[in-house]
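Got a structure for you, questions after.
The values are calculated or read from the model by the stated rules, or taken from the named source; none is laboratory data. Note that the coordinates shown come from a computational prediction; the quantities given were computed from them, not determined experimentally. Positions of Cβ are generated from backbone atoms using ideal geometry, with glycine treated the same way; all protein chains shown enter the neighbour counts. Just the protein is used for accessible areas: all its heavy atoms, side chains included, with ligands, DNA and RNA removed. Shrake-Rupley method; radii C 1.70, N 1.55, O 1.52, S 1.80 Å.
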Amino acid sequence: MSNGVSTSTDKIIVDRSRSHRNKAVSKAVRATRERLQSSAKGNQIFDRDMLAMHVNAVLQSASIMPLFIVLVTAIGVYLNPDTGLFAWALLMLSVHAINVLLARRASRKEITAIETRKWRNRLLAAQVLVGFGWALFSFQSCNTCAGDSYYFYKGAVLLFAISITAMSGFMLRLGVLFGFLPMIAALLATAILSRHVLDIGLTAICAVAVVFFHYIADRLYRSNLTLMSYQSEKDDLIAELEVAKSMSDEARRRAEEANLAKSRFLASMSHELRTPLNAILGFSEVMNSEVLGPLANPTYKEYAGDIHRSGQHLLNLINEILDLSRIEAGRYELSEEALSLLEIAEDCIGMVQLRARAKNITIREQFEQQLPQVWADEKALRQVLLNLLSNAVKFTPQGGEVTVKVGWTAGGGQYMAIKDNGPGIPEDEIPVVLSAFGQGSITIKSAEQGTGLGLPIVQAILAKHDGQFILRSKLREGTEAIAILPATRVLQSVPAVADAPAVERRRRSFA
C-alpha cells in the first residue's frame, strides 16, 4: 500500500507521488477551470453567480418596496380617499412577499448549472407579477381631484417604481423590461381609449423611462459581468501561483535533501578514498626512489612515477571537491588573523617559481610598499593566490611573462592581481570557466587540463571574506585575475611604541 512517499531513486526534482499539501488551492484551481470551461459562451459562464447576486440584492432590499408602497398609499388616500388603494396595497404587498420568499428559497438551495435557467425564469415571472400590480395602479383615477395633480402623482410614483426596480434588480437580465411591460400595456390601452393628452404623455414618459432604465440596467449587468470575469482570471492566476509556489517549495526541499545527501556522501567517502590513496602515493614514491633497492626493469620505475603523479592528481581533485562542498554547505569556517598580503604573495611566488623556470616564464612583482595588514584567513588566501598563479603559469607559453600586483583599491581595500600574456579566454566563455567544473575551449585543447574547480573555489573564498573576484581576458591578449578584499578587512595602523624595536617584514625565498 502506498503511503504517499516516493521510494524511487530517480533524479526528479518534484515528487509527484506525494499528496498535494494545499488541498484548498487545488480545489480552487479545479473549480475555476471547470467554470471557465463549462460553456462556450462567455455570458453563460457566470449566470449562476449573477443569479446569486440578484437573490442577495432582493433579500437585502426587501424592506424598501413595502415602505414605498405604504408611502404611495398614504399620499394617494390623502389625494383621493378611495378604498381601492388599500386593496391595491394589500395585493402589492402579497406579490412582494411572494418575490421575497422565492428569493429566500433560492438562497437556501445550492443551484446547479442545469437549474440556473429554471430559477431565472421563476424570478422573471415574479417580476412580471410585480409589473401587473403596477399596471393595476396605472388604472387608478381621481374624479374629485382638482386640475391635473393626480396625473403628476401617478407619473411620479411609476417613475420611482421603475428606477427602484432597475437599481435593485439589474443583475436579473431583462427583469426591468419584462416587469414593466404589463404597466406599459395598461397605460397604452388607457391612452387609446381616453385619447387624453395627459394619458398619452404619461404613457410616452413611462415607456421612455422603461427603455432608458433597461439600457442602464443592461450596461450595469455587462460591467458587473466583466468585473467578475477579471476577478475569476485573477483568482485563477493566484491559484496557479500558489500551486507553482507549492511545487517550488517541494523542489527546494528535495534539492536541500539531495545536497545534504551529497555532503554526507563526500564526508564519508573522503576517508575511504584518502586511505588507499595515501598507500598508493607512499608505495609508488618508495618504488620510484628505489629506497629498498634498484628495480631490475627501468619501465617499472617509470610506471611507479606515473602512478604517483596520477594519485597526486586524484588527491588534489578530491581535496578541491571537498573544499567546494564545504563552502556550498556553509561549513567552511574561516580562521582569521592579521596578515600581510605582501608576505603571502612572496611565499606563493616562491612555491611556483620552479614550475615557471621550467617553462622559462618570468614572474614580475609590482608591490606597493608599506601596506597595512588585513584581517583574513591566511590558508584561504594562500589557496586563492596559488590557484591563480598556477593557472597563469599553466597557460602561459614558453618564454612568457606573469605579473603579480599587490596594492590599494580605489575604495580603500587591498587587491592581488595576476596577469599573464597567454592565449586568453573568449569573453563569452568567462561565465563558463567561473562555474564549477567549467573549462574553456583553450583548456580543453591544451595538454594541461585541470578539474575546473580552481576559480569557483577562489570566488567562494573571496565571498566568505566579503570580497570580490574579477576576471578580465581577451583572446590572444592574456588574462588578468583580480582578488579584492574590502576596506573593512584592512586593519588601521597603530603608532609603534618608542621603546619597542620595529619589526621588519620577513622575506622568504624558494628555489
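Counting only residues that are among the hydroxyl-bearing types (Ser, Thr, Tyr) and in contact (Cβ under 8 Å) with a residue 24 or more places away in the chain, which one in the stretch 189-221 is nearest to Gln127 (Cα to Cα)?
So in the stretch 189-221, the residues among the hydroxyl-bearing types (Ser, Thr, Tyr) come out as 190, 194, 203, 215, 221.
With the extra rule that they be in contact (Cβ under 8 Å) with a residue 24 or more places away in the chain, the set shrinks to 190, 221.
On the way: Thr190: 22, Tyr221: 17 Å.
So, considering only residues that are among the hydroxyl-bearing types (Ser, Thr, Tyr) and in contact (Cβ under 8 Å) with a residue 24 or more places away in the chain, the one nearest to Gln127 (Cα to Cα) is Tyr221.
Do you know which of the residues in the stretch 382-413 that are farther than 20 Å from Thr479 by Cα and touching a residue at least 60 places away in the same chain (Cβ under 8 Å) is surrounded by the most Cβ atoms within 10 Å (Cβ to Cβ)?
Step by step, filter the stretch 382-413, then rank; the result is Gly413.
Being in a helix (DSSP H, G or I) and modelled with pLDDT of 80 or more: is that true of Leu281 here?
On the way: in a helix (DSSP H, G or I): yes; modelled with pLDDT of 80 or more: yes.
Yes.
Now, a different point. Please work out if Lys379 is open to solvent by 70 Å² or more (accessible area, probe 1.4 Å), within 29 Å of Asn259 (Cβ to Cβ) and of a type outside the set (Phe, Trp, Tyr). Break it down into steps so the answer makes sense when it comes.
On the way: open to solvent by 70 Å² or more (accessible area, probe 1.4 Å): yes; within 29 Å of Asn259 (Cβ to Cβ): yes; of a type outside the set (Phe, Trp, Tyr): yes.
The answer is yes for Lys379.
Still on this structure, I have one more. Could you check how many residues of the stretch 154-170 are open to solvent by 20 Å² or more (accessible area, probe 1.4 Å) and either over 13 Å from Leu202 (Cβ atoms) or of a type in the set (S, T, N, Q) (or both)?
Looking only at the stretch 154-170, we keep the residues that are open to solvent by 20 Å² or more (accessible area, probe 1.4 Å), and these are 156, 159-160, 163-164, 167-168, 170.
Checking the rest, the ones that are also either over 13 Å from Leu202 (Cβ atoms) or of a type in the set (S, T, N, Q) (or both) come to 160, 163-164, 167-168, 170.
Total meeting the criteria: 6.
Let me ask another. Pairs, please: C-beta under 7 Å, at least 6 apart or cross-chain, first residue closer than 21 Å to Arg326 by Cβ and in the stretch 461-483, second open to solvent by less than 20 Å² (accessible area, probe 1.4 Å) and not in a helix (DSSP H, G or I)?
Close Cβ pairs satisfying both conditions: Leu462/Ala483; His465/Ala376; His465/Leu485; Gly467/Ala483; Gly467/Leu485; Phe469/Ala483; Ala483/Met416.
Still on this structure: Ser149: within 49 Å of the chain's Cα centre (by Cα) and of a type in the set (Ser, Thr, Tyr), yes or no?
Numbers: within 49 Å of the chain's Cα centre (by Cα): no; of a type in the set (Ser, Thr, Tyr): yes.
No.
Continuing with the same structure: Looking at Ile98, Ile69, can you tell me which residue is without any contact (Cβ under 8 Å) to a residue 40 or more places away in the chain and touching a helix residue (DSSP H, G or I) at 6+ places or on another chain (Cβ under 6 Å)?
Working: Ile98 fails: touching a helix residue (DSSP H, G or I) at 6+ places or on another chain (Cβ under 6 Å).
Matching residue, one of Ile98, Ile69: Ile69.
May I ask you to list pairs of residues, at least six apart or on different chains, whose Cβ atoms are under 7 Å apart, with the first in the stretch 104-133 being farther than 18 Å from Ala62 by Cα and open to solvent by less than 40 Å² (accessible area, probe 1.4 Å) and the second being of a type in the set (A, V, I, L, M, F, W, C) and part of a helix (DSSP H, G or I)?
Close Cβ pairs (under 7 Å, with a partner that is of a type in the set (A, V, I, L, M, F, W, C) and part of a helix (DSSP H, G or I)) amount to Ile111/Leu51; Ile111/Trp119; Thr116/Leu51; Trp119/Leu51; Trp119/Ala106.
Moving on to the next point. State whether one or more residues within the stretch 189-200 are open to solvent by less than 40 Å² (accessible area, probe 1.4 Å), out of contact with any helix residue (DSSP H, G or I) (no Cβ under 7 Å at 6 or more places or on another chain) and assigned to a helix (DSSP H, G or I).
No.
The rows are residues; the columns are (1) open to solvent by 30 Å² or more (accessible area, probe 1.4 Å); (2) aliphatic (A, V, I, L, M); (3) at pLDDT 85 or above; (4) within 28 Å of Glu336 (Cα to Cα).
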| site | (1), (2), (3), (4) |
| --- | --- |
| Ser435 | yes, no, no, yes |
| Ile444 | yes, yes, no, no |
| Gly454 | no, no, no, yes |
| Leu462 | no, yes, yes, yes |
| Gln468 | yes, no, yes, yes |
| Leu471 | no, yes, yes, yes |
| Glu477 | yes, no, no, no |
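So which residues in the stretch 80-99 are open to solvent by less than 60 Å² (accessible area, probe 1.4 Å) and in a helix (DSSP H, G or I), if there are any at all?
Gly84, Leu85, Trp88, Ala89, Met92, Ser94, Val95, His96, Ala97, Asn99
Out of all the residues in the stretch 337-376, which are charged (D, E, K, R) and either assigned to a strand (DSSP E or B) or open to solvent by 30 Å² or more (accessible area, probe 1.4 Å) (or both)?
Of all residues in the stretch 337-376, those charged (D, E, K, R) come to 337, 343, 346-347, 355, 357, 359, 364-365, 368.
Within the stretch 337-376, Glu337, Glu343, Arg355, Arg357, Lys359, Arg364, Glu365, Glu368 qualify.
Give Ser38, Ser17, Ser6 a once-over and let me know the one that is touching an Asp or Glu at 6+ places or on another chain (Cβ under 6 Å), modelled with pLDDT under 60 and over 22 Å from Leu220 (Cβ atoms).
Working: Ser38 fails: touching an Asp or Glu at 6+ places or on another chain (Cβ under 6 Å); Ser17 fails: touching an Asp or Glu at 6+ places or on another chain (Cβ under 6 Å).
The unique qualifying residue is Ser6.
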